Amino acid sequence: MNISLLNRSAGWAGLLGACAVLSGFGTAEPSPRAAAPRSRTFTLTSTATVPAAPAGTQALDLWLPIPHSDASQDVRDLKIESPVPYKIEKGAFGNEMLHLRPATVPTASLTVKLTAQITRREHLNLRANAPTAKAVKEKPDPNLARWLGPDRLVPLDAKIKQQAQEVVAKAGAKTDLEKARAIYEHVVSTVTYDKTGQGWGRGDIYYACDARRGNCTDFHAIVIGYCRSLGIPARFSIGLPLPADRGKGEIKGYHCWAEFYTKETGWVPVDASEAAKNPDKRNYFFGAHDENRVEFTRGRDVELAPKQAGPPLNYFVYPYAEADGKPLEVARTYEFADVPK
């Protein structure tokens, strides 16, 4: 059965060496950029294959994250190919997902394919570096209190708060914007993008603070945890990265990023792991997310819709399945193809 559903800022010259901590603040220069944010339009294809469930399985559930439209991306021409009926569900924080539960558990593998055309726009907040810049109107976030609370792997205990306070004190940071900048600079300067060994990739703030290495989840666990511990709302988003070069190909892994909120600036995008990998873009990624990405979901400790039998997901970027309430491994592929202008 084939079922379709339509639906830089300048400023803050490099302040730190490889392991230094900010020691002072200068006056940010107004950003010279006046050009419209860059954008990118591409077709995204996501395929999930659930293996045959164990013999005797009474219920099979599959959830797939679906990219959603928001201020930074438009999702059009969504098409879903599934051998069994499904529903599109809405979860917390605007997250969308496909859910299916076959009336009869199939004895063979089950494949679901999703395609959509997506336009992703560069997300800029010029006020991050030039507070006098014109403010961009934003819808109030009804979940602001949630973005001040802990995650399972990002506790806001006395130790984390003390570490955050030490970072901002050494930087001489006073305002929330200065504190967030100090945290960002500290993380970019002292954490290495390194996916070797064990422990990385879970977004465990204690692992990241101790090992001082990891991937994007580990970088942003510190950014978000330190901000929240100081009363600065910060939120987590996850999706897929696209190579900067236009073309087509397979996307092998996920990418995540963060935003923090102040009354003066609104939500400020940051990408500490990309800044660590690309030192020449260190200033850019405080106040910007480039267009080479697509967001799937927001938040951690994710409860699906309908709720899964297992514990909340650490984050939700890949398909998730359960056989009689027990997790079932799902094979997946992601492909993109840029749409010529």
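Observations on the model:
- 3J(HN,Hα) along the stretch 47-58, derived from phi through the Karplus expression 6.51 cos²θ - 1.76 cosθ + 1.60 where θ = phi - 60°, amounts to 10, 10, 10, 8, x, 4, 5, x, 4, x, 4, 9 Hz, with x in place of Gly and Pro.
- Alpha-carbon Debye profile of the stretch 181-339, log10 I(q)/I(0) at 0.08, 0.14, 0.17 Å⁻¹: -0.25, -0.76, -1.09
- Between the alpha-carbon centres of the stretch 221-267 and the stretch 92-141 there is a gap of 13 Å.
- log10 of Debye I(q)/I(0), alpha-carbon scatterers only, for the stretch 234-323 at 0.20 Å⁻¹: -1.03
- Exposure proxy ranking, count of Cβ atoms within 10 Å, fewest first, for Glu291, Glu166: Glu166, Glu291
- Short to long, the 10 Å bins of the Cα pair-distance histogram for the stretch 45-115 hold 18, 48, 25, 8, 1 percent of all pairs.
- Principal axis dimensions, largest first and in whole angstrom, of the stretch 73-192 by Cα: 62, 38, 31
- Beyond 28 Å in Cα-Cα separation lie the following of the pairs Lys195/Lys307; Lys170/Lys277; Lys252/Lys281; Lys195/Lys248: Lys195/Lys307.
- Residue ranges 197-210, 142-155, 265-278 sort as 265-278, 197-210, 142-155 when ordered by packing (mean number of other C-beta atoms within 10 Å per residue, highest first).
- Applied to the stretch 172-183, the Karplus parametrisation 6.51 cos²θ - 1.76 cosθ + 1.60 on θ = phi - 60° returns per-residue 3J(HN,Hα) values of x, 6, 10, 7, 4, 5, 5, 5, 5, 5, 4, 5 Hz, with x for Gly and Pro.
- Computed packing ranks the peptides 119-131, 73-85 as 119-131, 73-85, most packed first, by mean other Cβ atoms within 10 Å.
- Antiparallel bridges, percent of DSSP beta bridges restricted to the chain (to nearest 5): 95 percent
- Residue-averaged 222 nm ellipticity for the chain, from DSSP H runs of 4+ at -39500 (n - 2.57), nearest 500: -5000 deg cm²/dmol
- Inter-label distance for Val84 and Asp324, nm, one decimal - labels placed 7 Å from Cα along Cα-to-Cβ: 1.5 nm
- Summary of packing: across the peptides 321-330, 187-196, the per-residue average of other C-beta atoms within 10 Å ranks them, highest first, as 187-196, 321-330.
- Partners of Lys263 within straight-line reach, counting lysines whose Cα lies under 21 Å from its Cα and excluding those fewer than 8 residues away in the same chain: Lys134, Lys137, Lys139, Lys174, Lys179.
Read-outs: derived from the displayed coordinates by stated rules, not from any lab. Please read all numbers here as calculations on a predicted model, not as lab measurements. Here the Cβ is made from the backbone with ideal geometry for all residues, glycine too, and neighbour counts use every protein chain on show.
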